[in-house]
Amino acid sequence: MRIIGLILAGWMAVAAAGPVWAQSADMERRIVLARELIAVSSGPNLAKSIERYAQSEIEKAAQGQDTEEAAWIRANMPAMIGRMISRMMTDLEPVYAETFTVAELEAQIAFYRSPVGQDIAAKSLEIGMRQEAVMQTALMGLLTEFQSKFCAAFDCGADAGQAAAKRGR
């Protein structure tokens, strides 16, 4: 009797593990598809394109600065940014896999493999950089407004870190 109970318990454990194994296989498939989607949707040279963009921005920022530090930044920072982007793409794989179903991942891959999808992927980097500029401008506006209103309500004198509420406001 005890043996039958053990056999039944073992069989139930195997039966219960089936869906877990299926989920694991599904997640592995989604990771593979996520990797492919990231590759086709970001274009073949995303890291190199961002490196070139970073190099040009660093050159603009460093104009007139011929210090050893500026030269080191110009020589090293673009490649560091390229490596960071490559690591980020890898880190995004589980995010895509957890967010999208297999069917959704496959549909996006099919789209980005199409001529229109390839055009959109190629333009995405430029759009992303322009979005960044818009967001920086918006953030600066927010911070300027915040500081103005905060300092109207509180004393933001020399001890800005220790602002005291103005009386009667």
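The values are calculated or read from the model by the stated rules, or taken from the named source; none is laboratory data. Note that the structure is predicted; figures quoted are calculated from it, not measured. Neighbour counts are summed over all protein chains in view; Cβ atoms, including those assigned to glycine, are modelled from backbone coordinates with ideal geometry. These accessible areas exclude ligands, DNA and RNA; they are computed on the full protein's heavy atoms, side chains included. Shrake-Rupley method; radii C 1.70, N 1.55, O 1.52, S 1.80 Å.
Kindly indicate which of D66, D91, D119 is of a type in the set (D, E) and not in a helix (DSSP H, G or I).
On the way: D91 fails: not in a helix (DSSP H, G or I); D119 fails: not in a helix (DSSP H, G or I).
D66 is the lone residue from the list that is of a type in the set (D, E) and not in a helix (DSSP H, G or I).
Considering only the stretch 35-54, I want to know if a residue exists there that is loosely packed, with under 13 Cβ neighbours inside 10 Å and at pLDDT 80 or above.
no
Give me the residue from the stretch 57-90 that is polar (S, T, N, Q) and at pLDDT 80 or above and, out of that set, farthest from S124 (Cα to Cα).
So the first thing to find is which residues in the stretch 57-90 are polar (S, T, N, Q), and the list is 63, 65, 67, 76, 86, 90.
When the remaining residues are screened for being at pLDDT 80 or above, the result is 67, 76, 86, 90.
Values: T67: 35, N76: 25, S86: 16, T90: 18 Å.
Step by step, filter the stretch 57-90, then rank; the result is T67.
Quick test of your reading of the structure: A70 fulfils all but one of (1) over 25 Å from Q118 (Cβ atoms); (2) of a type outside the set (D, E); (3) surrounded by 15 or more Cβ atoms within 10 Å (Cβ to Cβ); (4) touching a helix residue (DSSP H, G or I) at 6+ places or on another chain (Cβ under 7 Å). Name the failing condition by number.
Evaluating A70 over (1) over 25 Å from Q118 (Cβ atoms); (2) of a type outside the set (D, E); (3) surrounded by 15 or more Cβ atoms within 10 Å (Cβ to Cβ); (4) touching a helix residue (DSSP H, G or I) at 6+ places or on another chain (Cβ under 7 Å) leaves (4) as the failure.
Going by the conditions given, is K149 within 27 Å of the chain's Cα centre (by Cα) and modelled with pLDDT under 95? Don't jump to the end; show me each part of the working.
Values: within 27 Å of the chain's Cα centre (by Cα): no; modelled with pLDDT under 95: yes.
No.
Which members of the stretch 121-137 meet the condition of being open to solvent by 70 Å² or more (accessible area, probe 1.4 Å) and either in contact with a helix residue (DSSP H, G or I) (Cβ under 6 Å, 6 or more places away or on another chain) or free of Cβ contacts under 8 Å to residues at least 40 places away in the same chain (or both)? Break it down stepwise before answering.
Filtering the stretch 121-137 down to residues open to solvent by 70 Å² or more (accessible area, probe 1.4 Å) leaves 122-123, 126-127, 130-132, 134-137.
Listed by number, the residues that qualify are K123, E126, I127, R130, Q131, E132, V134, M135, Q136, T137.
Could you grab me the full set of residues in the stretch 93-120 that are surrounded by 16 or more Cβ atoms within 10 Å (Cβ to Cβ) and either hydrophobic (A, V, I, L, M, F, W, C) or more than 16 Å from S42 (Cα to Cα) (or both)?
A97, F100, L105, I109, F111
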